[in-house]
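Inspection log for the structure reproduced underneath, given as structure tokens.
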Amino acid sequence: MELPGREVCYRALESRDSRFDGLMFVGISSTGVYCRPVCPARTPKFVNCHFFGSAAAAQNAGYRPCLRCRPETAPDLASWRGTSNSVSRALALIAEGALDGDGNSVEKLAERLGLGERQLRRLFLQHLGASPISVAQTRRVLFAKQLIHETQMPMTEVAMAAGFGSLRRFNETFRDLFHRAPSALRRRNPARQGEKDVKLRLRYRPPYDWRSMLSFLEARAIPGVEVVEAGCYLRTVEVDGAMGSIEVSHLPERESLGVSIRFPDVRLLPQIVARVRRLFDLGADIETIDHHLSGDPVLAPLVALRPGLRAPGGWDGFEIAVRAVLGQQISVVAARGLAGHLVVRHGRAVPKSFLIHPGLSHVFPRAKQMATAPSIGLGMPAARLTALKAVAEAAVADPNLFRPFGSIEETVARLRTIRGIGEWTAQYIALRAIREMDAFPATDIGLLRGAASMDGAKTTPRNLLNRAESWRPWRAYAAQHLWAADGAGRGNGAHVST
Ligand SMILES: [Zn+2]
């Protein structure tokens, strides 16, 4: 944990400094609750304040979440704290349910990360002040609390959605913490009774350049799978074979995104929320990143032009990989058309009752469907069809293909063993699907043009790479700024190699 000193933390609390929101929690020994630094309640005495770097650490120390400032609504920044890659990755997996259910354990989680169990525990204690199990438990409690406050879901569904094994365990946990039944925490809202969709708010650390995010997604929206309309992003989603759709909007006054989810299985809600966070890059400590990139005279004016510019992720690793291959050597518009054909041919139709918008119809094809299809059936060069097939087969053979694997260089090297995946494609997949925030496709024409437009002179991939050294460990954000500088609409569809 790298918390500033007690006095600094206390001053942040006194001034309700939102810059500390998500990075610091305060346990108040006189009341037994823990709060966000922005809590509207009267500031407690200095001697009663105990500061923590994570909600789990506060909960571990015996504090319960405050009902006023609601720690579950703090921006979830833990994953990009830059303290430890292994911790970030473990947190991402825990958010997707890696420690929920009977078949899962810390041992298995450690194994997936290539670590020993004891090593993982030690890293968690060092960086978060809590064990992996208590981080997972805290997440469950906080997610359940959010569902209680923000939705009208029945309590049995809340318990299931938050990953509690049984309603009894859920009730017990809440009684222990709050000395009352979970249902007593809910305020009835008759207007929202019988609501079909689960609606949640996901907070980010401001600023957030929503316009750039939306126009990036709009330029690439696949017909039938994605719609961008009236300032919102909508798409079909598939998780573990179940299909539905989501709508994401911007709530700037709440420093949040609003998400509506229409999906048949509540147990998959945590995964859907984790994916939305990843797609919209909600975990970025953007102020720190913008500050770092502004140190470069070329990037400084770009950052000033688009403060809070995010690096868009992907809904699904395989989908991003296929898009990357389709985008080799052609424009964004052409790639989007090809993706549309692919969806019509190989994607499954979503049942109408789970479609949130008439423009949505199919989910993106799964790797297995494409690997086993006798023909991909797209009019494109044979080499790229072979690459599509190879990506599908590799994804079927290794379900963790689009997860981090060692260093960024190792991740890229592993992707490059797939036939037809060159440096550009591998870097692009690492950036958007695997969320390597230091990935950088230096051969991309859009990047080179963007850099040239700032420098006033042409540059080469090698020069660009040299220059990018000082942008580490956030080269992905620098790339996003250069693409944006290259002009809306052109973006990163064209590049010089595969
Ligand atoms: Zn509070």
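The values are calculated or read from the model by the stated rules, or taken from the named source; none is laboratory data. All of these numbers come straight from a predicted model, not from anything done at the bench. As a convention, Cβ positions derive from the backbone with ideal geometry for all residues, glycine included, and neighbour counts pool all protein chains shown. Accessible surface areas use protein heavy atoms only, side chains included; no ligands, DNA or RNA. Shrake-Rupley method; radii C 1.70, N 1.55, O 1.52, S 1.80 Å.
Things worth noting here:
- Residue in region 30-40 that is among the small types (Gly, Ala, Ser), within 14 Å of the ligand (Cβ to nearest atom), over 25 Å from residue 255 (Cα atoms) and touching a Pro at 6+ places or on another chain (Cβ under 9 Å) present: yes
Conditions (1) in contact with a strand residue (DSSP E or B) (Cβ under 9 Å, 6 or more places away or on another chain); (2) within 23 Å of residue 101 (Cβ to Cβ), marked per residue:
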residue: 136; (1), (2): no, yes
residue: 144; (1), (2): no, yes
residue: 173; (1), (2): no, yes
residue: 184; (1), (2): no, no
residue: 188; (1), (2): no, no
residue: 193; (1), (2): no, no
residue: 200; (1), (2): yes, yes
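- So residue 44, is it under 28 Å from the mean Cα position of the chain (by Cα) and either away from the ligand (no atom under 14 Å from the Cβ) or crowded, with 17+ Cβ neighbours inside 10 Å (or both): no
- No other residue among 393, 436 is touching a helix residue (DSSP H, G or I) at 6+ places or on another chain (Cβ under 7 Å), of a type in the set (D, E, K, R) and part of a helix (DSSP H, G or I) apart from 393.
- For region 460-472, the candidate set comprises residues that are surrounded by 15 or more Cβ atoms within 10 Å (Cβ to Cβ) and touching a residue at least 40 places away in the same chain (Cβ under 8 Å); within that set, the residue that is farthest from residue 217 (Cα to Cα) is 467.
- Going through (1) modelled with pLDDT of 95 or more; (2) surrounded by 15 or more Cβ atoms within 10 Å (Cβ to Cβ) one by one, residue 211 falls short only on (2).
- Residue in region 50-64 that is farthest from the ligand (Cβ to nearest atom), counting only those that are open to solvent by 30 Å² or more (accessible area, probe 1.4 Å) and of a type outside the set (A, V, I, L, M, F, W, C): 60
- Every test in (1) of a type outside the set (Val, Ile, Thr); (2) surrounded by fewer than 23 Cβ atoms within 10 Å (Cβ to Cβ); (3) modelled with pLDDT of 90 or more is passed by residue 452 save one, and that test is (3).
- Considering 319, 287, the condition of being open to solvent by 60 Å² or more (accessible area, probe 1.4 Å) and not in a loop (DSSP other than H, G, I, E, B) is satisfied by 287 alone.
- Screening the candidates 100, 76 for the property of being modelled with pLDDT under 90, among the acidic types (Asp, Glu), crowded, with 21+ Cβ neighbours inside 10 Å and closer than 28 Å to residue 257 by Cβ yields one hit, 76.
- When we screen 13, 67, 77 for residues that are under 24 Å from the mean Cα position of the chain (by Cα) and either farther than 18 Å from residue 176 by Cα or within 14 Å of the ligand (Cβ to nearest atom) (or both), the only hit is 77.
- The helices (runs of 4 or more DSSP H) found wholly in region 1-117 and carrying at least 3 residues that are touching a strand residue (DSSP E or B) at 6+ places or on another chain (Cβ under 9 Å) occupy 6-14, 55-60.
- Residue 442 vs. criteria crowded, with 17+ Cβ neighbours inside 10 Å, assigned to a helix (DSSP H, G or I) and in contact with a Leu (Cβ under 7 Å, 6 or more places away or on another chain): no
- Any pair with Cβ under 9 angstrom, 6 or more apart, that starts in region 106-121 at a residue that is among the polar types (S, T, N, Q) and ends at one that is in a helix (DSSP H, G or I): 119/86; 119/110
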